[in-house]
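Chemist: Sharing a structure below in structure tokens format, with a few things to ask.
Bear in mind these aren't lab numbers, they're just calculated from the coordinates by the rules spelled out. What you are looking at is a predicted structure, and each value in this text was computed from that prediction instead of being measured. Neighbour counts are summed over all protein chains in view; Cβ atoms, including those assigned to glycine, are modelled from backbone coordinates with ideal geometry.
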Amino acid sequence: MGRDDVLPVLYDLVVTIGSEISVKPLLTRTLQRLLYHTSFSAGFICLDVSPCEHEGGVVEVHLDAAVGDFDLIGEIGKPIHLPCALICRSAGREDEQAALLSALRCTQTQYKAYLRLPIDQCGVIVLLAAEIPETDLPLTTMLQPVLSHLAKAIVLCRSNDASTSVLVKQRDMLEQVFESSYSSVMITDDQGNIIEVNPAFTRITGYTLEEVRGRNPHCMASGRHDKQFYREMWSDITEAGHWEGEIWNRRKDGEVFPSWLSINQIRDKSGKLLHYVGTSSDITKRKEAEAQIHQLAFYDHLTQLPNRRLLVERLQQAFSVGTRSGQHGAVLFLDLDNFKTLNDTKGHDTGDQLLVEVAKRLDACVREGDTVARLGGDEFVVILESLSTTSDEAAAQADMVAEKIRDELSRPYQLSNHIHYSTPSIGVVLFRGNLQSLDDVLKYADTAMYQAKTAGRNTIRFYDPVMQAAIEARAELEEDLRHALERDQLRLYYQVQMDSRRRPFGAEVLLRWIHPERGLIPPAKFIPLAEETGLIVPIGLWVLQTACAQLRLWQSKELTRDLTLAVNVSAKQFRRPDFVKQVQRTLVESGARPALLKLELTESIVLENVEDTISKMRELKLLGVSFSMDDFGTGYSSLQYLKRLPLDQIKIDQSFVRDIASDPNDAAIVQTIIAMSEVMGLLVIAEGVETEEQREFLDLRGCHAFQGYLFGKPVPLEEFEVQLKGQ
């Protein structure tokens, strides 16, 4: 190569270097131009070569580019070991260096010369020749400006490669996300025609890209949404560039399914619309789960009818409808008669079968807009809407439906292998708008149902305000009774008990409630309430403690030290496991003599659990406490049990004493009781003795203990003690 040829070579190399933007093609093209303009037949480029500490040493390098030799090209990117003298020295041409060149084991050609061209300390270009080139031109000097330019180009290309690599990784990542996303992705052009979908789209809809490309997404419309729905959707997309919501679509196989869809506009920097991207998820399982949760929350699991929670919502809706329309509605409260008997005799499975069948029949009796609900157990509620605006007509309509329901529910039921007959008791209450509260309407319907029960079952009753007032009064009385003990409103009255010589030998304590506003409340009014609510247990304990405390006080006085006190014991109180201990503790704490305490039990208490009764009575008898059977003859006493009971006394009920002188039957019963008591060694006392004639009759026939108005009414303690002093 002559000197005049160098300039074109340099120009060609500069153009080559400047036209490349990536390192690998830059290096390859540079080598190709150098080999083209020189007499060298092969060459390679090593970058990032560190200077050798010892010129005679070996350095590990990577070939970044190679041309001209097939074996050499095959080693690109692989580590090879070359002598430092070959690549780390300054630019120059070497001849007769076969020993050094032989270290390049990757080539089959035995090169005899090479040209070393350092690239500004970042690498080296090595050109190999099989024969020594003819020219003596110092190419190393001539090419140095180009190599300096090449070094700068390498730096720029590396920066570009790094940036491109990041973009490529981002692109690959986005492609991977697009391909592997569990959500369906659909891309359309600016006209809304599909141009791309991902595999999830195909999995969810069943459509491949080829089947939907160029089509409008409306091809998957379910038909469940009207035009207004889509108008509002596209209004949001146009104005805000985005829409998101629940939508029903249709799969390729025709199945309609719910999905959660998000649509976004894609615009360029100038704001020009390029694409629409729709991302959606199949929410079928979520909707099924929501439906299941709703079913569990609002429906009865056995009958699948609405439960109390949904009933309240439906009733509130009915109130709102009535307010707007002025029409009445009605609530029917149903209870199955004698359902407990079926459960007890046939088992709960059979009872459940009946409830399911009742639910079906109720559903068939009402209109589509009405509601049938199960509150629990055998209680059902029916809400009738849109009845007449006049109360009389509305009541007639409700009654007609109630009669229909009663007829249907009274038909025989086939339960397992037997036929069962059942009847309902139905309470009905009318409502209109919000004139009554929801709670009141349900309460009134429940009250009416109990009226139907009281009337003999299998009956329909409309709500009676008089009965409701009585129920509300009872509820108020119950609330006051709960606080009567703590507010010191309870008192003990004492009714004297006399022997045949009119000598007082004891008294019966009777509970009285003196209310600060209501005054003296009769025992018949509050004792049953205390029994029902369980308040009789703490009240009964108070009575026992107060009576024993009074006995202790009387023991210190000559007039009263031998008086006995009879205390009535309720069934709930007696059945408590700790009753015996309560009596023992009360006697010890009060210091009263046990022999002066007499506990009065009714026949129902005694016969409820005979063995338990006998056990408790015997324990207390060991302390010295005595027992009397109250109201004897009014129940169903069994002599077999009576003879086993450790009783001390039998009290003849006042219902037999009242007509003892005029009614032969009562007279015969009383004589029998007295005779039986004598045989069994029991004392006998008669209550309700109001006349001298009654006393004489009893005394002549062997009853020598009496209690009644003839001797004294129940009075407060102070009056009782005054009576004793006057005897």
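Chemist: With a sphere of radius 14 Å drawn around the Cβ of ASP189, what net charge do the other residues whose Cβ falls strictly inside it have (Lys, Arg +1; Asp, Glu -1)? Mind showing how you got there, number by number?
Modeler: On the way: positive: ARG213, ARG215, ARG267, LYS272; negative: ASP190, GLU196, ASP268.
Residues close to ASP189 contribute a combined charge of +1.
Chemist: Among VAL256, ILE266, ASN198, whose Cα sits farthest toward the positive end of the charge dipole of region 181-287 (+1 at Cβ of Lys/Arg, -1 at Cβ of Asp/Glu, about the Cα centre)?
Modeler: My answer, from the dipole projection, is VAL256.
Chemist: Please find the FRET efficiency linking LEU302 to LEU209, where r is the Cβ-Cβ separation and R0 is fixed at 45 Å, and quote it to the nearest 0.05. Numbers along the way, then the final one.
Modeler: Details: r = 50 Å, r/R0 = 1.11.
The formula returns an efficiency of 0.35 here.
Chemist: Can you tell me the FRET efficiency between ARG324 and SER22 if r is taken as the Cβ-Cβ distance and R0 is 60 Å, rounded to the nearest 0.05? Could you put the intermediate results ahead of the total?
Modeler: Working: r = 76 Å, r/R0 = 1.27.
With a Förster radius of 60 Å, E is 0.20.
Chemist: Quick one: divide the alpha-carbon radius of gyration of the chain by 2.2 N^0.38 Å and tell me what you get. It would help to have the intermediate numbers written out before the result.
Modeler: On the way: Rg = 54.3 Å, N = 727, 2.2 N^0.38 = 26.9 Å.
Dividing the Cα Rg of the chain by 2.2 N^0.38 Å gives 2.02.
Chemist: Let a ≥ b ≥ c be the square roots of the eigenvalues of the Cα gyration tensor of region 302-463; is it rounded (a/c under 1.5), or, if not, prolate (a/b larger than b/c) or oblate?
Modeler: Working: a/c = 2.06, a/b = 1.81, b/c = 1.14.
The shape class here is prolate.
Chemist: Something else about it: Please turn the phi angles of region 23-31 into ³J(HN,Hα) values with the Karplus equation 6.51 cos²θ - 1.76 cosθ + 1.60 (θ = phi - 60°), one per residue in order, whole Hz, x for glycine and proline.
Modeler: Karplus values, whole Hz, x for Gly and Pro: 4, 4, x, 4, 5, 5, 5, 4, 4.
Chemist: Equivalent-ellipsoid semi-axes (√(5λ), Cα gyration tensor) for region 478-726, whole Å, largest first? Before the final figure, lay out each step's value.
Modeler: Numbers: eigenvalues 143, 98, 75 Å².
For region 478-726, the semi-axes come out at 27, 22, 19 Å.
Chemist: Residue by residue through region 70-84, what is 3J(HN,Hα) from phi via Karplus (6.51 cos²θ - 1.76 cosθ + 1.60, θ = phi - 60°)? Round to whole Hz and write x for glycine and proline.
Modeler: Each residue of region 70-84 in turn: 4, 5, 5, 4, x, 9, 4, x, 8, x, 9, 10, 10, x, 4 Hz.
Chemist: What order, most packed first, do the peptides 586-597, 219-230, 479-490 have when packing is the mean number of other Cβ atoms within 10 Å of each residue?
Modeler: Numbers: 586-597: 17.6, 219-230: 12.0, 479-490: 14.2.
The most tightly packed comes first, giving 586-597, 479-490, 219-230.
Chemist: By how many nm would the segment from ALA289 to GLN584 lengthen if fully extended, with 0.36 nm per residue of separation less the alpha-carbon distance? Walk me through the numbers before you get to the answer.
Modeler: On the way: separation 295, 0.36 × 295 = 106.20 nm, distance 6.07 nm.
The ALA289-GLN584 span can extend by a further 100.1 nm.
Chemist: One-quarter of the Cα convex hull surface for region 485-539, in nm²?
Modeler: About 5.0 nm², averaged over all directions.
Chemist: Would you compute, from DSSP H runs of 4+ residues alone, the mean residue ellipticity of the chain at 222 nm, taking -39500 (n - 2.57) per run and dividing by the full residue count, rounded to the nearest 500?
Modeler: Values: 27 runs with 333 residues, N = 727.
Rounded to the nearest 500, it is -14500 deg cm²/dmol.
Chemist: Same structure again: Looking at region 489-554, which trypsin sites (Lys or Arg not before Pro) are in a loop (DSSP not H, G, I, E or B) and have at most 16 other Cβ atoms within 10 Å? Before the final figure, lay out the partial values.
Modeler: Details: sites: ARG491, ARG501, ARG502, ARG512, ARG518, LYS525, ARG552; in loops: ARG501, ARG502, ARG518.
Here the trypsin sites (Lys or Arg not before Pro) that fit, given the DSSP loop and packing criteria, are ARG501, ARG502, ARG518.
Chemist: While we're looking at this one, here's another question. Only counting other Cβ atoms within 10 Å, I'd like SER425, SER410 sorted with the fewest neighbours first. Please list the in-between numbers first.
Modeler: Values: SER425 24, SER410 15.
Lowest count first: SER410, SER425.
Chemist: Just to confirm the filter: which chymotrypsin sites (Phe, Trp or Tyr not before Pro) across region 534-638 are DSSP coil and have at most 13 other Cβ within 10 angstrom of their Cβ? It would help to have the intermediate numbers written out before the result.
Modeler: Numbers: sites: TRP542, TRP554, PHE574, PHE579, PHE627, PHE632, TYR636; in loops: TYR636.
Those that pass, being in a loop and sparsely packed, are TYR636.
Chemist: What residues have an amide H closer than 5 Å to that of SER388, excluding those fewer than 5 places away on the same chain, when H is modeled at 1.01 Å from N in the peptide plane?
Modeler: HIS328, ALA394
Chemist: Something else: Which residues' amide hydrogens lie under 5 Å from the amide hydrogen of ALA65, considering only partners 5 or more residues apart or on another chain, with H built in the peptide plane?
Modeler: Counting only residues 5 or more places away or on other chains, the set is ILE45.
Chemist: Taking a cut-off of 17 Å between Cα atoms, list the lysines near LYS725, but don't count ones fewer than 8 places away on the same chain.
Modeler: LYS557, LYS713
Chemist: Same structure again: Would you mind counting up the charge near LYS404? Only other residues with Cβ under 14 Å from its Cβ, with Lys and Arg at +1 and Asp and Glu at -1. Mind dumping the intermediate values first?
Modeler: Details: positive: ARG361, ARG367, ARG406, ARG411; negative: ASP363, ASP370, ASP399, GLU403, ASP407, GLU408.
Surrounding charge for LYS404 is -2.
Chemist: With the cut-off at 32 Å, tell me which of the pairs LYS152/LYS272; LYS616/LYS651; LYS404/LYS525 have Cα atoms farther apart than that.
Modeler: Numbers: LYS152/LYS272 39 Å; LYS616/LYS651 20 Å; LYS404/LYS525 39 Å.
Check vs 32 Å cut-off fails for LYS152/LYS272; LYS404/LYS525.
Chemist: Further question: Compute the distance in nm between two label points, each set 7 Å from the Cα along the Cα-to-Cβ direction, one at ALA455 and one at GLN176.
Modeler: If labels sit at ALA455 and GLN176, their model points lie 7.9 nm apart.
Chemist: Something else: Give the order of LYS651, LYS340 when sorted by the count of other beta carbons within 10 angstrom, beginning with the fewest. Display every interim value, and only then the final one.
Modeler: Details: LYS651 25, LYS340 12.
In increasing order of surrounding Cβ atoms, one gets LYS340, LYS651.
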